[in-house]
Every structure is written in C-alpha cells, then in structure tokens.
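These notes are about the structure you will find just below.
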Amino acid sequence: MKSKCLSTPADLARLMPSIPVQSSYERGWEGIVLQRFYNPPCRIDLPRSRDPIVVLYLEGPIRLELDQRGSIERRWVERGQMSLIPAGRPIRCTIKGKHDIVVVHVATDLMADVAFTVYGVAVHNIALIPRLAIADVCVDGLCRALLTEAERGGPGTGYVADKLARSLVTHLFRCHSDASRRSPRPPPSSPSVRLRRVIDFMAIHVDEAMPLSKLAAISGLSPSQFRRSFKEATGKSPHQFLSDLRIEKACELLGKTDIPVNEISLKCGFEWPNYFSSTFRESTGMTPRDWRNERKIGGQARDTSSDECFELNFSDIYCA
C-alpha cells in the first residue's frame, strides 16, 4: 500500500547533509517555517511534501537535476532564482555543487487565510504552478527579508514575519497559480459586521466559556482569520478583550450591588474565585473587596456608571 505520510520541515532537515545554519523554529512564527542550508553537493529524495515549498538560491551558478517521474530536467541555477514545489509533490533532485539556499515552508492555514481574504474562495480552489529555477525579484526580496528577520529576532519580529509571509503567499497566488487570471473579490461580509456580531455575543454571554473556535464560528471566519482580524480592529486578542469585558461587568456588580464576591466571580465567567481575584487585581490594582469598599459611601453602594474600569474602544468596529 502506498504511504499517505506527508513530509514536514523536520523531515527535510534530517535528509540534508548538514543541519540548518538558520531556522525560524526558535522564533515561534506562525504560518511559515524558514530554513537556511549551506550544503555540499548532494541528492535530496523527499516524499510528498505536506506544505508548498519555496526555494531561494542565494548563490550561483550551480547545476540542478530534477527527477520528475523518471524524466530528468537539468538547469543551471543563478543567484536569486527560485523554485516552487506545490504541496503533495515529492522532491527528487541532485544539486551538483556547494549551495546556499533558503527554504520556506508555507502552512495550509496561512494559504487558506490569504485565499479567502484576497479571492474569497477556499484554498483548494487555487492550484500553485510548479516552478524550477526561475527569476522572480519579488520572491527574492521577500525571502531575503524573512531571512533577515529570522536572524535578527527581538520585539516585532513575529509581526513583521507575518506580514512578509502573507505578502509572499499573495504574490505566489497572483503570479504562480491558476488564480493569476482571476479577479480578486472581497469576502461576503465586511470584518466590521462579523466582529460586531462576536462582540455582541461576548457582552450578552459574558458568564459562559468562549473558546476561540466558538467565537470564530460565530464570525464565519477561520480561527486564524478571526484572531488576526479581531486584533487589528480592537488592538486586543479575543481572550484579552473578553477578560476586560468580564472585569468591567464585575466592577459594575461590585459597585452597585451587595452580591457576594464569589457569586460575582461566577456571574462574570470566572470559575475559580482565586483566579478572579488575581485577574481583577492585575487589571485594577486592587482586590474586588477593596474595590467595593472604596466605592461605598455611608454604607451604601454608589452608582459606578461613570467609573472607567477600562477604556474599551468600540468606535473602530461600530462606525463605518
């Protein structure tokens, strides 16, 4: 029986004659894995790849022989040229000469996200076109920029890498796929409408468990699309935004009612009172009981509607 196992970036690294001299693994990037290899002449025999692979040749010329179902294709590869191997294809090639290459593995989730955002279609409706040792200045520039970010590290690297990766995938769709002649079209509804629906749900069901998958389903987006769109619109992750809503609700109940703190914890979606107290203190600088005591006037709870527990800015979502 033919194996259905698909090869991963780790499988490629194991097959190479030398270990990667640079890798994005330690950076924790989402959506892509970047590897840089400096190898002696070698033969690579990799089973079907799980992800689409972009190869950028940093030096040249080198001789490349690609085995495609028994037919050998030979090319001289120049510096800055690229090859593209769609997902599900084996890699059987011989590189005759020392070579310095950057290999970028693109995750299916990222491909799907860009396909939906740019063309409004599922990723399986777009087919990448195999390329062997061709010049593409855009791929050259983007891959080199990704390599620089992998080498640099530090604050903001993940954000920059994500933007570069999305630009790379968009370029591959536009110039190296059967979608190149397809007119981009927007998704069926705007992000503001989708996110407004989610925020309304959060506010009404603040006491319920809300995994990311559930919120994404309400928005009609994939989890990765939803997380990115939500952060861009609100400046906060869905988890942080929900936590702020819960603390805001707790402030209201502490200031206006005499409901026990433990009960308020449950009403605001905190299953464990200790976790509620620590989260509340982290957000407000005081415990729930201290917050309540500060807002008592003559033993009576005063109206806290004018108190700003948090500045939750909905204008970016509800306007437009």
Decide, for region 8-50, between rounded, prolate and oblate: order the square roots of the alpha carbon gyration tensor eigenvalues as a ≥ b ≥ c, take rounded if a/c falls under 1.5, and otherwise choose prolate if a/b is larger than b/c, else oblate. oblate
Using a 1.4 Å probe, what is the accessible area per residue for the chain, in Å²? 53 Å²
Here are some pairs, 163/214; 214/236; 163/231; 231/267; which of them have Cα atoms lying more than 22 Å apart in this structure? 163/214; 231/267
Descending semi-axes in whole angstrom, ellipsoid equivalent of the chain, from the Cα gyration tensor: 52, 21, 17
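How charged is the neighbourhood of residue 206? Take every other residue with its Cβ under 15 Å from the Cβ of residue 206, and add Lys/Arg as +1 and Asp/Glu as -1. Numbers along the way, then the final one.
Details: positive: 214, 246, 249, 267; negative: 200, 207, 208, 244, 248, 252, 263, 271.
Local charge sum for residue 206: -4.
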If you roll a 1.4 angstrom probe over the protein chains with everything in place, what fraction of the accessible area of the chain belongs to carbon and sulfur, to the nearest %? 52 percent
Only residues of region 233-271 count here: report those whose backbone N is under 13 Å from the spot 7 Å along Cα→Cβ of residue 203, or say none. 245-246, 249
So what is the 222 nm mean residue ellipticity for the chain from helices alone, if each DSSP H run of at least 4 adds -39500 (n - 2.57) and you divide by all residues, rounding to the nearest 500 deg cm²/dmol? -13000 deg cm²/dmol
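With +1 on each Lys and Arg Cβ and -1 on each Asp and Glu Cβ, how big is the dipole of the chain about its Cα centre, in debye rounded to the nearest 20?
Here the chain has a charge dipole of around 1320 debye.
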Scoring only Lys, Arg, Asp and Glu (+1, +1, -1, -1) among other residues with Cβ under 12 Å from the Cβ of residue 227 yields -2
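From the square roots a ≥ b ≥ c of the eigenvalues of the alpha-carbon gyration tensor of region 19-102, which class results: rounded (a/c under 1.5), prolate (a/b over b/c), or oblate?
Working: a/c = 1.96, a/b = 1.26, b/c = 1.56.
In terms of gyration-tensor shape, oblate.
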Cβ-based charge dipole, the chain, positive-most Cα from 121, 28, 225: 121
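The values are calculated or read from the model by the stated rules, or taken from the named source; none is laboratory data. Quick caveat: nothing in here was measured; it's all calculated off a predicted structure. No Cβ is skipped: glycine too gets one built from the backbone with ideal geometry, and neighbour counts run over all protein chains shown. Please note that ligands, DNA and RNA were not included when accessible areas were found on the heavy atoms of the full protein model with its side chains. Shrake-Rupley method; radii C 1.70, N 1.55, O 1.52, S 1.80 Å.
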